[in-house]
Each structure stands twice: as C-alpha cells, then as structure tokens.
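The values are calculated or read from the model by the stated rules, or taken from the named source; none is laboratory data. Not measured: the values here are computed from a predicted model. Glycine also receives a Cβ, built like all others from the backbone with ideal geometry; neighbour counts cover every protein chain displayed.
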Amino acid sequence: MAKCRRCGREAGYRVSYAKLWLCGEHFKEYVEERVVETVVRHGMTGGGGRVVVAVSGGVDSMSLLAITAKRRVEMGVEKIVGVHVNLGIEGYSDLAEAAVREYCGSLGVECTVLRLRDILGVGLPELASRAGRPPCSVCGLVKRYLITAYAVATGASAVFTGHHLDDAARYMLKDLYVGDFKSLAGLKPAVREPGLPVKAKPLITLGKKDIEAYAELAGVPHLEAPCPFKHSTGVEEAAEGFLKALEREHPGARLILLSSMLKLIEGYLEPVERETYRRCSVCGMPSRSSVCSFCRLTERTLGEPMGGRVLRSLSQPVYS
Ligand code: SF4
Ligand code: ZN
Ligand code: ZN
C-alpha cells in the first residue's frame, strides 16, 4: 500500500501528473495550496480588495468558494462576495439558488443573486427560444455579461470562476480546431482588460476528479442534478476523448497542453487582440464589435439593447 508523501500514513489519493500519493488530509491541503499558488502566481486578485466568486451551485464553483473563503488571507483577498445568476429554469434554478445561498451563509460569505427574470423580464429558456439559439450559448453570454457588469458596478478587483484544467484543455482544443482564436485568448488563467476586474480561473491547474475528491473530503455541498440543458457538442466530446487517451499514455498531458497554449496566447494571439480592442457603443463594456453581444442579443429578443440599463440597475442594492 502506498504511503502519504507528507506524513507516511496510508495514502488513498494519487495525483498522477505529480506522481504523488497522499492521505485524505494532505490531499485536501495539496489542493488548497495549489489554488493559492495559482492565484498568487498569476496575480489573480487584481489587488484583492473585493473578489467576486461566480457560484452556480455545481461542485466546481462551490469548491472554489470553499477554498477562497478558507485561504482568503493567503491569497491576499480582503472581501469575498459569492454571486449567483438565477437563470429562471423551472425545476432547477431555484434549487441552485437555495444551495448557493445556504452554503454562502454557512461560510459567512456575502451572497448576491442576480435573477434573470427580474433583470430582463424573461428566463433563459424564453430568451434562447426568442433568439433561436441553443440555451447554453445564450446562457454563457448572459452569465458572463451579468457577472462582469455586477463586478464593475460594485468596484470588484477580480472575478473568480470555477473552470478547471479539464474544461480549459477541452475548450482550448476546440477553439484551435474551429479557429476561434479570440475565445482561445480568453482561456488564459487570468485575463486583464483596461477598466475591468481581472477574470480569473483559480482551479485551472486542477483536474475535475481532483476537485470532486476535494469536495467529498471537505464536505462541500453541491447540486447533484445537472442543468436540464446540459449537453456537449460533438467536437467537445471528441476533444475530451482525445485528451483522456493522451492523459492515459502521458500523465500530465493536459497541463502540458495548457502551458503550450499559454505560450501561443501570450506570444502571438494577445498582441493582435490588443490592437482590435474596443468598447460597446451602447453600454461601454469591452466588445469585439461596435455593439457588444449582450446588447445585440437583447435588442433582437427584447426590442431594446439592455446593457446600459443593466449596468445602472446593478449599482443599486436591489438584487442582494
Ligand atoms: Fe447554462 Fe447550459 Fe450550463 Fe445549463 S448547461 S447552466 S443552460 S451553460
Ligand atoms: Zn498524509
Ligand atoms: Zn453593450
């Protein structure tokens, strides 16, 4: 039986890319230390005054909230706010909101809920059907916009999201395959844009299995039921299959891919991105075109571009 590298007791957890066996207690410690190290190394707190943690209620973001709350001081963070977007999906969103509220309460973390129905007057299913687009593509856009807008309106220095290594590696391969280099550039561990909080992925060096094992050991509650719209595209599934096979042959393959992609982003993609940087003429948020995708989506589906109004309303404390 393998022994824990840190204490010599029986080890039940193997970190394959580090060739490391650990007992439960030291595995938890290892995961937390890795997250702190990632946050510090990439300057993810953006000064650390007020850090918004985007929490969906799933295992990744709830674990991120737990670790950020526990290791806040080591990360150099003054205040944490858990932010949840209630998407208005029947039979799912209210459960997710309740789980997030309860866990924030038990950790003593301030919690803000942004309800899509209160903000836009419609829930995600209706918005997606009016837009004639798959719910997940509308969801990603709307959640990203609302959370960034909330962070800007409340003067946050950073937004933490629960993307992990498996997510990042899969999306990187997919973006490379379809030639979406702008999305690829956004997959950096920490993205900085003028006038915006740092967008950071503190779990980016941890695999999904490690986070699930951490959540179980640390007793992190989370929603078991997936969102009813959850599905993967054919390209994502193929990329995941390829990465799993590569990882079996070469433990640590996803980390190698991450580091190679970072060289590509920082050396070649970012300089071009910076030149094409602009702001939405309606709401002023960063945009790839003269009007941002949120303002375009809301204009097409609700009859008016809502960005400016949303930004103003999020400055009021009515959604807390
Ligand atoms: Fe949104 Fe799709 Fe995730 Fe559901 S599965 S929360 S619709 S991105
Ligand atoms: Zn140990
Ligand atoms: Zn806009």
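Quick look at the numbers
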read-out	value
Single condition Leu217 does not satisfy, out of (1) more than 16 Å from ligand 2 (Cβ to nearest atom); (2) farther than 23 Å from Tyr92 by Cβ; (3) in contact with a Gly (Cβ under 8 Å, 6 or more places away or on another chain)	(1)
Any hit, region 44-65, residues being away from ligand 1 (no atom under 16 Å from the Cβ) and more than 27 Å from Ala158 (Cβ to Cβ)	no
Matching residues in region 19-47 - criterion: being among the aliphatic types (A, V, I, L, M) and without any contact (Cβ under 8 Å) to a residue 40 or more places away in the chain	Leu20, Leu22, Val36, Val40
Checking Gly57 against (1) away from ligand 2 (no atom under 13 Å from the Cβ); (2) crowded, with 18+ Cβ neighbours inside 10 Å; (3) free of Cβ contacts under 8 Å to residues at least 40 places away in the same chain, the condition it does not meet	(3)
Some residue of region 299-306 being closer than 30 Å to Asp166 by Cα and buried (at least 16 other Cβ atoms within 10 Å of the Cβ)	no
Pairs, first closer than 29 Å to Glu32 by Cβ in region 218-241, second in a helix (DSSP H, G or I) and within 16 Å of ligand 2 (Cβ to nearest atom), C-beta under 7 Å, six or more apart	Ala218/Lys28
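Rundown of residues vs (1) in contact with a helix residue (DSSP H, G or I) (Cβ under 7 Å, 6 or more places away or on another chain); (2) within 16 Å of ligand 2 (Cβ to nearest atom); (3) modelled with pLDDT under 95, yes/no style:
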| residue | (1), (2), (3) |
| --- | --- |
| Leu243 | yes, no, no |
| His250 | no, no, yes |
| Glu266 | no, no, yes |
| Cys283 | yes, no, yes |
| Cys295 | yes, no, no |
| Val310 | yes, no, yes |
